[in-house]
1. Run the reach check for residue B:177 against aspartates and glutamates, Cα to Cα strictly under 13 Å, same-chain hits fewer than 8 apart removed. What comes back?
2. How far, in nm, would the chain grow between residue A:391 and residue A:837 when pulled straight, counting 0.36 nm per residue and subtracting the alpha carbon separation?
3. Could you tell me the calculated FRET efficiency between residue A:232 and residue A:295, based on Cβ-Cβ distance and R0 = 25 angstrom, to the nearest 0.05?
4. State whether the range A:479-544 is rounded, prolate or oblate according to the following rule on the C-alpha gyration tensor (a ≥ b ≥ c being the square roots of its eigenvalues): a/c under 1.5 gives rounded; otherwise a/b larger than b/c gives prolate, and the remaining case gives oblate.
5. Quick check on the exposure proxy: order B:68, B:179 from fewest to most C-beta atoms within 10 angstrom.
6. How many angstrom lie between the C-alpha centres of the range A:817-866 and the range A:631-708?
7. Between helix A:200-209 and chain A, what is the angle of the helix's C-alpha long axis to the longest principal axis, kept within 0 to 90° and rounded to the nearest 10?
8. Contour minus end-to-end for residue A:759 and residue A:217, with contour as 0.36 nm per residue of separation and end-to-end as the Cα-Cα distance?
Amino acid sequence: MKRLFQLAALVVLAASSAAAYYHFVHYASRVGPYAPIYEKFDLDALVNNTVYFYVSDERPAMAASDTYEALLGQVRQALAAWNNIPTCDLRVSYGGVANVATWETQAPGGEIVFEELPPGVVGMGGPVTRLPQTRGFVPIHRSRLILSRDLTSRPSASEAFFTSLVHEIGHALGLQHTQTGSAMSEGVIRSATRARPLAADDTVGLSLLYPSPGFLTSTGAIAGRVTTPSGRGLHLVSVVAVNPSGPVVSALTAPDGSYRIEGLPPASYILYAQSPPPGTQPGLGPGNLVLPTDDTGAPLNASGPVETQFYGGGKDPHASLPLGVAAGVTFEGVDFRLAERSSLPVYDVTTYSFPGNNAPAVTPAFVNTTRTTGTLLAFGTGLSPNLRNVTVELIGGGVQVLRNGNPTPYGPDPRFGEIELAFNPFTSTGSRHLVFSLGGDVYVRPGAVQLVSRAAPLVRDAQIETPVGNGPLLVLSGDNLGPDSRVFLDGATAAVRSFDEITGRLRVSPPPGPGGRQAVISVYNPDGQSSVFVQPAAPLTYTYPAAEPPAITVSPAAGPAGRDSVVEIQGVNTNFAEAHTVVGFGTSDVVTRRVWVLSATRLLAVVSISPRAALVATTVSVQSGTQLAALAGGFRVEAASGSSLAPVLAFQGLVNAATQQPRVAPGSLATLYGSGLSLAAPATATLPLPTTLAGTTVTLNDQPVPLLAVSASQINMQLPFTLPAGPAVLRVHNGLESSQPMLVQIDPVAPGLFRAFSSGGAVVDANNPARLGDTIVLLATGLGAVAPPVTAGAPAPLATTSSPVRVTVGGVELVPSYAGLAPGTAGLYQVNVPLPASLSPATATTIWLTVEGQSSNALATALRAP
Amino acid sequence: MRVVRRSLLLILASLVPAAAATLERLSFEDLVTRSTGIVRGRAISSSASQIGSTIYTRTRFEVLERWKGAEGTQIEVFEPGGTVGRSSQSYSGVPRFEPGQEVVLFLWTGPSGRTQVTGLSQGVFQVVRGDGPDARVVRKPSGEILLAPGLGAPVRDEELVMSLGQLSARIRVVLEKNKR
């Protein structure tokens, strides 16, 4: 044990290399070194790091109770699962419907199409077109998901449809199969469900491709080599790090047997190496992995099957050497020597349990620990003929496998092994992993058992309430509903308004939907179970009130390539709703940057049109909940035209002068970036501020804006105090031409800190500490309304903020002695903060302020003793 | 508490996601029954064309033996993926055929008239000719099969390696059974 520990030397590594997760991989050479070159989207080629997926408007044949709109709801939900990974910089979004058959699109993106697929093929997906290698990776240009044109026997509300969709989207983003039970695992070993669609292996896999800042330094890594006893490297062996009741993350070995598991959340892990199952698709490797290729495009074949082994423990997981992974630290030298096998004795084990309500079995097995025992079934290649010789044990404490670990043949179908578990009062819920031992070999099935403390949610009744003055509420009654339950109607989120602990009733707001539609009600619980488990065939539904089909008009109906444009969409019989509405323009060359829903029948949107966009007419679609309104040819991309002397404004070109972020408030100082903003020499103004400077005027909602400074590419201004919160139309006239309108969001407050000063007027920062006991003066902007009211542009009187301001210094919240306008200035606020002598000195700390729940940027500073 | 035993009703979860395809595992009987054509053929040539937004590779086969489907000395099989001009699409796991390759194909012709391999690679059996008189056919196992609700018989998974004669006999058995 000690010798093994010495082999696992701790090394801090700053950069990642030779990580070989389950991505699509290329190598520069067949003979090494094996630094993987990944296929992934180029974030620089995406607007706002977002890859948009469009669904073909050629509707498939749907099941009797299903609709195309409901399917779109499921697609949005599946995409959202991949979008909610905080450690990943890639954003994934639904872009609307598109005429994929005829579209011409230049920007990277994804499409979901419906094709004639033969029996036995549910769908296929993945990168389909790639660009030449650049900056160390192969850019994915287009990804494609193909679903069957005949979905009559595959309702979109089913568990299998959704998890398959999430899986195929993962391929489209650059992920291959894993062997850990995650969403990217093959279906037979997948433990992901609708209610918990992704696991750690999925989020780590995507984060490794598109890491957010700090991802690698906040996680740990394990690296080593897998070889034969003679030292020959083994290729495409799966090395898996298992936390007994927590995350499972894995990697594949490179052709020389080296591997690196990165992105490990700090925790204790045991490690094992296991061959993926034999491949079944032509041209693919084990586990149906796309083989890595060399510089000629030739595949590098996998090694043959090998024994499974735990690190330091041989075949015994309980004798395995745990590794305590810490952030920013890598365990190196974690090696395996594995004997080769002619075949794998056991693989592809699927586990099942019966969720109740006479529903069919579900996979993986969910076992309720509130009873003293629980049962699951297992089926796998090599398992059935050898049930009597197999023993099963669990990784993860608090659970005992009864009958000495021997599964018994399941009565109704003896090919399945029945495994009985015993719990104690301290058994915790969560994932557990099974180890099958047979004839001296072992097979590990991560995430095979999900221990839960309640059964799946079951909706027994759904009633409508219509509170006065509000929209309808859907009241759900049933079993195992809770305040942590999430509710969906046809895949669209129904916001939970309240949960009655006594009656167990959930009240939710139905999202917008098509008139007359009987939307499937699904309830998800955070333990991974959903009502789909227990009501797969006859779920309760909510019937939307009858309504005429919706229709939309678009104005303007065209926009120039290379510009940001404002578009107004008016609807008839529509129900646009904030947080539910997505606007798409049928091509990844026209990207919706922001939508303002003004009413149920009117919205405004800002779109960015790629400079290389094809000059074609596209389909505009507005999806609100599951209500879809589309207009074929509703928007046309035109060549950039107009005078070259006109000002050009960009989305989010107006920023807070202090934070440089696109959050501005009435009365605040703001900076506008663009081009052609002035045709004269740069100019600055004195108080009172003019509304025309160097021939340039700026208006917001047709209201002139006081100007501080003007140049061709920048305007500094003070926003009027009288601006209402919400979208405002910004225009610039440079004395000769007017810009196209641009929408900007005005918030009630948008705090920004410029500087801090001592009471003597000296700058306070990290190099010039503030003295405890002194009063520091903060200069800020965006603190909102003041009293008495003042006019923007005029020298400010003494006027205090209408909302309280709090200042946090060194983590301690303080009450300022004054918060209001800086007298004699325009747009500047002054906040005087007495620093208590009782505060602790600090060589490095921060100051920020908060108003109406909004926080400013933080200033670095230091504090010294009185 | 004794577990209440019941008949094994399982949701149809026999989905096998490949690197690019999610498959529904088909039993041998399914393959025969749901295919519109079953042939033994030798690949002659391949070319790609775009149909709608999908690029397909068409492989022309010389038909050497036919068990099911319309008569003809040649057959054209479409599979997604290929290169047309500057456009290229690739779908991993899709069967590709080399000229001269001999295979037994389970085929499905859809409403469009396009013929594809049933179940993607599940419908392809490689013909291996050795020194002996009988050729062998090989198809790798596709994993376990589960009971689907409503089916009277278990849907089993099998490793399929047999002589060509045995495969032919099994096909005929299912075809006969379907006729009754």
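Any read-out appearing in this document is the output of simple, stated calculations on the displayed coordinates, not a laboratory observation. Please read these numbers as outputs of a predicted model, since none were measured by experiment. Glycine also receives a Cβ, built like all others from the backbone with ideal geometry; neighbour counts cover every protein chain displayed.
1. Within reach: B:29, B:30.
2. That pair, residue A:391 and residue A:837, stretches by 153.8 nm at full extension.
3. E between residue A:232 and residue A:295, to the nearest 0.05, is 0.65.
4. Because a/c hits 1.5 or more and a/b fails to exceed b/c, the range A:479-544 counts as oblate.
5. B:179, B:68
6. 31
7. Around 50 degrees separate the two axes.
8. Between residue A:759 and residue A:217, full extension yields an extra 191.1 nm.
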